[in-house]
Amino acid sequence: MKTIKSIFLISFLITSFSSCGYQLRGSLDIDELKNIKVIASDSNKIAMLLEQKILSYKNDNSFIDSTYPVVKISNLKSETRQLSVNSSGRVDEYEISKKLDYELILSETEILKGSLKASASYDFNESQMQGTREKEIIASNSIDQRLLRKLILKLKAALKSKTN
């Protein structure tokens, strides 16, 4: 009797998860982005991460010198602001926000311009400055990864709409 109840419970849970649309998110597939050129007005981390991501999918034989598509990262602006203060008036939490301006150059006539935004926050503790600095670096890296993912998704959507 107990096994029937446990089987019923497991079946119910599996059905519930699948009916609500829950699924594991896999890695980002960028196979069709192998021949993309990346241009940045200054050396920034997003451009470096995008180039590394694209180069990791290329093999020695797949290099094709093509003119288009091009991803041009024109500006990456970062701002830090106080998010909250404690009772003594000292900063308790900071927010880092970044804005990425980009151009997707698909052909001579087809240029898509846009901007992406992302932000993250971290706790500030005066007595643990090294740990606070590491939290700031982790938050900044998290924002960069989010912006990179959004940029790749925009590029994939633009390339897909171009072929259709």
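The values are calculated or read from the model by the stated rules, or taken from the named source; none is laboratory data. Just so it is clear, the model here is predicted, and its values are computed rather than measured. All Cβ positions, even for glycine, are placed from backbone atoms using ideal geometry, and neighbour counts span all protein chains on display. Protein only, heavy atoms only, side chains kept; ligands, DNA and RNA dropped before computing areas. Shrake-Rupley method; radii C 1.70, N 1.55, O 1.52, S 1.80 Å.
A few notes on this one:
- Efficiency of FRET between I14 and K77 - r from beta-carbon atoms, R0 41 angstrom, step 0.05: 0.35
- For F124, distant residues with modelled amide H under 5 Å away: E93, Y94
- Potential lengthening between I111 and N86 on full extension [0.36 nm per residue; Cα-Cα distance subtracted]: 4.3 nm
- Pairs from K72/K135; K135/K156; K99/K162 whose Cα-Cα separation, in the structure shown, is over 28 Å: K72/K135; K135/K156
- Rolling a 1.4 Å probe over the protein heavy atoms of region 71-142, with every protein chain left in place, gives an accessible area that is 42 percent carbon and sulfur.
- Heavy-atom surface of region 63-146, accessible at 1.4 Å and reported per residue (Å²): 63 Å²
- Counted by Cβ distance under 15 Å from Q130, the other residues give a net charge of -2, where Lys and Arg count +1 and Asp and Glu count -1.
- The calculated Kirkwood hydrodynamic radius for region 58-147 is 15.9 Å, given to one decimal from all distinct C-alpha pairs.
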